[in-house]
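Presented below is the structure to which this report refers.
The values are calculated or read from the model by the stated rules, or taken from the named source; none is laboratory data. Quick caveat, the model's predicted, so the values are computed rather than measured. We place every Cβ from the backbone using ideal geometry, glycine too, and count neighbours over all the protein chains shown. Accessible surface areas use protein heavy atoms only, side chains included; no ligands, DNA or RNA. Shrake-Rupley method; radii C 1.70, N 1.55, O 1.52, S 1.80 Å.
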Amino acid sequence: MSTPAAPSRWGPAWARWVGRFMFRVLWSAEVVGKDRVPRTGPVVLAANHVHMLDGPMLIGMAPRPLHILVKKEMFQGVMGLVLRAAGQIETDRSSGRSALNQGLAVLRRGGAVGIFPEGERGAGSVRSARAGAAWLAVNGQAQVVPVAILGTRRPDQGKNALPPLRRRFVIEFGDPIDVTHDDVPRRQVVTEATETIRAAMATLVAQTSERTGLTLGTEQ
């Protein structure tokens, strides 16, 4: 099978510094467990999703350059130009095969891909998950690192409301998970891996919330 096209590896290199400025200077991000992210080789970072700032924070605080799957609605006007220049991957939530193929190409060259398995912004407790993260991990022979993001949206805050400057955020990276199996049909592996990833994310989010005292948003 031919290798699908991948976004430029150089975009995330500068985008990381923009993200770090935002979440070290404009806001106050606490980073936990970044040493748990494998420094080399293909890896999928699977994060919960409560606010539009989650993606930029994941890019800025991850210990590796990162290509994130971003909904196509964000690729409009100036924002679209910035996202493409940053090497982020446009995805159609109704048919994401092109985005998954680009993510797979990143993994095959040993890179890191970020994804929000919940599919859209919500409470962030990871009650459900789509199969994209598992598909990428299984087909890209990649480890999966669950990620918990808290503080970007509080229970009394809407999905699109910008948090006050210098608000405390927390991003915690969990232990990597190996979901690949050579002796099981691939479709079955993806199905089982989806639940494994979801459960690991939900557990990490709950533990991080309890440790930090930061609560999640609402579904609205």
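Taken together, G87, G11, G77 contain a single residue that is surrounded by fewer than 14 Cβ atoms within 10 Å (Cβ to Cβ) and over 23 Å from T180 (Cα atoms), which is G77.
Considering only region 133-157, how many residues are open to solvent by 40 Å² or more (accessible area, probe 1.4 Å) and farther than 17 Å from G111 by Cα? Full working, then the answer.
Kept after step one, since they are open to solvent by 40 Å² or more (accessible area, probe 1.4 Å), are these residues of region 133-157: 135, 141, 143, 154-156.
Filter again for farther than 17 Å from G111 by Cα, leaving 154-156.
Selection size over region 133-157: 3.
Taking region 34-49, which residues are open to solvent by 10 Å² or more (accessible area, probe 1.4 Å) and small (G, A, S)? First the steps, then the outcome.
Going through region 34-49, the residues open to solvent by 10 Å² or more (accessible area, probe 1.4 Å) turn out to be 34-36, 38-42, 49.
Matches in region 34-49: G41 only.
Report yes if V189 is touching a residue at least 24 places away in the same chain (Cβ under 8 Å) and crowded, with 23+ Cβ neighbours inside 10 Å, otherwise no. It is false that V189 is touching a residue at least 24 places away in the same chain (Cβ under 8 Å) and crowded, with 23+ Cβ neighbours inside 10 Å. Under the condition of being more than 18 Å from the chain's Cα centre (by Cα) and of a type in the set (A, V, I, L, M), the residues counted in region 191-215 number 1.
All conditions in (1) surrounded by fewer than 24 Cβ atoms within 10 Å (Cβ to Cβ); (2) within 16 Å of D54 (Cα to Cα); (3) not charged (D, E, K, R) hold for T180, with the sole exception of (2). Applying the selection to region 142-164, what residues are more than 25 Å from E210 (Cβ to Cβ) and modelled with pLDDT of 95 or more? Once the filter is applied, which keeps residues that are more than 25 Å from E210 (Cβ to Cβ) and modelled with pLDDT of 95 or more, region 142-164 yields A142, Q143.
Listed by position, the strands (runs of 3 or more DSSP E) enclosed by region 70-182 that each have at least 3 residues that are in contact with a strand residue (DSSP E or B) (Cβ under 9 Å, 6 or more places away or on another chain) and in contact (Cβ under 8 Å) with a residue 40 or more places away in the chain are 112-115, 143-150, 168-173. If you take the residues of region 55-73 that are over 15 Å from V32 (Cα atoms) and over 11 Å from the mean Cα position of the chain (by Cα), which of them is surrounded by the fewest Cβ atoms within 10 Å (Cβ to Cβ)? Among those that are over 15 Å from V32 (Cα atoms) and over 11 Å from the mean Cα position of the chain (by Cα), it is E73.
Test V37 against the criterion of being more than 22 Å from R186 (Cβ to Cβ), modelled with pLDDT of 95 or more, of a type in the set (A, V, I, L, M, F, W, C) and under 16 Å from the mean Cα position of the chain (by Cα), and give yes or no. Talk me through it step by step, then tell me what you get.
Details: more than 22 Å from R186 (Cβ to Cβ): yes; modelled with pLDDT of 95 or more: yes; of a type in the set (A, V, I, L, M, F, W, C): yes; under 16 Å from the mean Cα position of the chain (by Cα): yes.
It is true that V37 is more than 22 Å from R186 (Cβ to Cβ), modelled with pLDDT of 95 or more, of a type in the set (A, V, I, L, M, F, W, C) and under 16 Å from the mean Cα position of the chain (by Cα).
Please work out if A99 is within 15 Å of the chain's Cα centre (by Cα) and modelled with pLDDT of 95 or more. No, not satisfied.
Return yes when R166 is within 21 Å of G60 (Cβ to Cβ) and out of contact with any His (no Cβ under 9 Å at 6 or more places or on another chain) and no when it is not.
So R166 passes the test.
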